[in-house]
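K.L.:
This is the structure I have questions about; it appears just below.
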Amino acid sequence: MSGDRITIGKFSSLAYLSQRALRLYDRKGILVPGVRDRITGYRYYTINQIETALKIKTLCSLGFGLSDIAVILSAHDSGDNEAVRQFMTRRHRETVAEIERLEKITCLLMENRDFSELFKMNVSKPVIKDVPAMRILSGRRIGTYDDVCSKVSEELFAIIFNPVHRKGGVMVTGPCMSLCYDNEYRETDADIEMAVPIQGQVVIDDPIYCTRTLPATKVISVVYKGPYEHDGFSVAFENAFKFAAENGFETGGPDRQLYLNDPDGTPAGELLTEIQIPLKE
């Protein structure tokens, strides 16, 4: 066996990868045999490609998909360390979220609850509430719930805490909120407005953002305690709409979610979210 001509079988044993996996990596273009015999057309791997194989194995073990692995390897080879760092940061964030989800499952299973109690959430009883008109700074975008809520809220607070605005007396007067304009759950193209109640004069160059006044309204209010996840919100919305049906209320929109405490300094289990369903006159 020549050092620069390794058959797929031998390379499989050297890299501890199945031939099936190697053929898949070949098709995806992330680990293509490096040498081709000019007479037979047979392709061989090289010793240097073992390192690439090990990188692929490591990235797979970290949970990256093959399409991401191809981009990461290309960025690494070209010296684009910032692109590699962004992939690692995103995967770290996903991993932390998955750990939190699994820890919640572990707690539920260890508590030995009655089966029916697994479906109960920490949700307050619905109440009718008068919400006064409020001036808000807001931004409305299309995207996933997580992306829009996190990115737009960060940008809103960056505007508010701009030294010029702070010096001008701009202040936050209430909790950050989201308003959903869809009539159904949408995975990737949800229509969401993030808003922060403020006082003071704000100058905005970006057309995505604006100041406006939310009109006074009467709402059904339910407070959910727990992580920002769809299951908890679903129970809160279910209770609110069930309350509306039982009492003959006609609901309007858009629905509001008010984030009552700081997610950066609050344990996931202690987060408070108020669900507000506007009522029609």
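K.L.:
Can you say whether I50 is at pLDDT 90 or above, part of a helix (DSSP H, G or I), hydrophobic (A, V, I, L, M, F, W, C) and in contact with a Phe, Trp or Tyr (Cβ under 7 Å, 6 or more places away or on another chain), as far as the supplied structure shows?
P.N.:
For I50, the condition - at pLDDT 90 or above, part of a helix (DSSP H, G or I), hydrophobic (A, V, I, L, M, F, W, C) and in contact with a Phe, Trp or Tyr (Cβ under 7 Å, 6 or more places away or on another chain) - is not met.
K.L.:
Let me ask you something else. Within segment 220-237, can one find any residue that is over 29 Å from V96 (Cβ atoms) and not hydroxyl-bearing (S, T, Y)?
P.N.:
yes
K.L.:
Considering only segment 221-235, I want to know if a residue exists there that is over 17 Å from Y259 (Cβ atoms) and either in a strand (DSSP E or B) or at pLDDT 85 or above (or both).
P.N.:
No, the conditions are met nowhere in segment 221-235.
K.L.:
Further question on the same structure: Can you find even one residue in segment 199-220 that is at pLDDT below 90, hydroxyl-bearing (S, T, Y), within 28 Å of V127 (Cα to Cα) and surrounded by fewer than 18 Cβ atoms within 10 Å (Cβ to Cβ)?
P.N.:
Within segment 199-220, none of the residues are at pLDDT below 90, hydroxyl-bearing (S, T, Y), within 28 Å of V127 (Cα to Cα) and surrounded by fewer than 18 Cβ atoms within 10 Å (Cβ to Cβ).
K.L.:
Every residue in segment 47-73 that is of a type in the set (S, T, Y) and over 23 Å from L14 (Cα atoms), please.
P.N.:
Across segment 47-73, the qualifying residue is only S67.
K.L.:
For segment 174-214, give me each residue that is of a type in the set (G, A, S) and either within 19 Å of L258 (Cα to Cα) or not assigned by TED's automatic domain parsing to the domain that holds S234 (or both).
P.N.:
Of everything in segment 174-214, those that are of a type in the set (G, A, S) and either within 19 Å of L258 (Cα to Cα) or not assigned by TED's automatic domain parsing to the domain that holds S234 (or both) turn out to be G174, S178, A190, A195.
K.L.:
While we're looking at this one, here's another question. On the given criteria, is V32 in contact with an Asp or Glu (Cβ under 6 Å, 6 or more places away or on another chain) and either within 30 Å of D147 (Cβ to Cβ) or not assigned by TED's automatic domain parsing to the domain that holds A268 (or both)?
P.N.:
Judged against the criteria, V32 is a match.
K.L.:
Sticking with this structure for a sec: For segment 53-64, indicate whether the set of residues that are under 16 Å from L17 (Cα atoms), of a type in the set (D, E, K, R) and assigned by TED's automatic domain parsing to the domain that holds L17 is non-empty.
P.N.:
Within segment 53-64 (the criterion being under 16 Å from L17 (Cα atoms), of a type in the set (D, E, K, R) and assigned by TED's automatic domain parsing to the domain that holds L17), the answer is yes, since at least one residue qualifies.
K.L.:
Among residues belonging to segment 1-18 that are surrounded by 13 or more Cβ atoms within 10 Å (Cβ to Cβ) and in a helix (DSSP H, G or I), point out the one that is nearest to the chain's Cα centre (by Cα).
P.N.:
Looking at residues that are surrounded by 13 or more Cβ atoms within 10 Å (Cβ to Cβ) and in a helix (DSSP H, G or I), I get A15.
K.L.:
Would you please name the residue that is nearest to K55 (Cα to Cα), looking only at residues in segment 24-43 that are modelled with pLDDT of 90 or more and loosely packed, with under 13 Cβ neighbours inside 10 Å?
P.N.:
Among those residues, the one meeting the criterion is G29.
K.L.:
To continue, here is another question. Here's a check for you: in segment 258-278, which residue that is of a type in the set (V, I, T) and in contact (Cβ under 8 Å) with a residue 40 or more places away in the chain is nearest to I128 (Cα to Cα)?
P.N.:
I277
K.L.:
Take segment 128-174 and flag every residue that is over 29 Å from the mean Cα position of the chain (by Cα) and part of a loop (DSSP other than H, G, I, E, B).
P.N.:
Passing the criteria: P132, A133, G168, G169, V170.
K.L.:
Go through segment 228-270 residue by residue and tally those that are β-branched (V, I, T) and surrounded by 15 or more Cβ atoms within 10 Å (Cβ to Cβ).
P.N.:
2
K.L.:
If you don't mind, there's one more thing I want to ask. Go through (1) modelled with pLDDT of 90 or more; (2) under 23 Å from the mean Cα position of the chain (by Cα); (3) of a type in the set (A, V, I, L, M) for L102 and report which single condition fails.
P.N.:
For L102, the failing item is (1).
The values are calculated or read from the model by the stated rules, or taken from the named source; none is laboratory data. Note that the structure is a prediction, hence the values are computed from the model and not measured. No Cβ is skipped: glycine too gets one built from the backbone with ideal geometry, and neighbour counts run over all protein chains shown.
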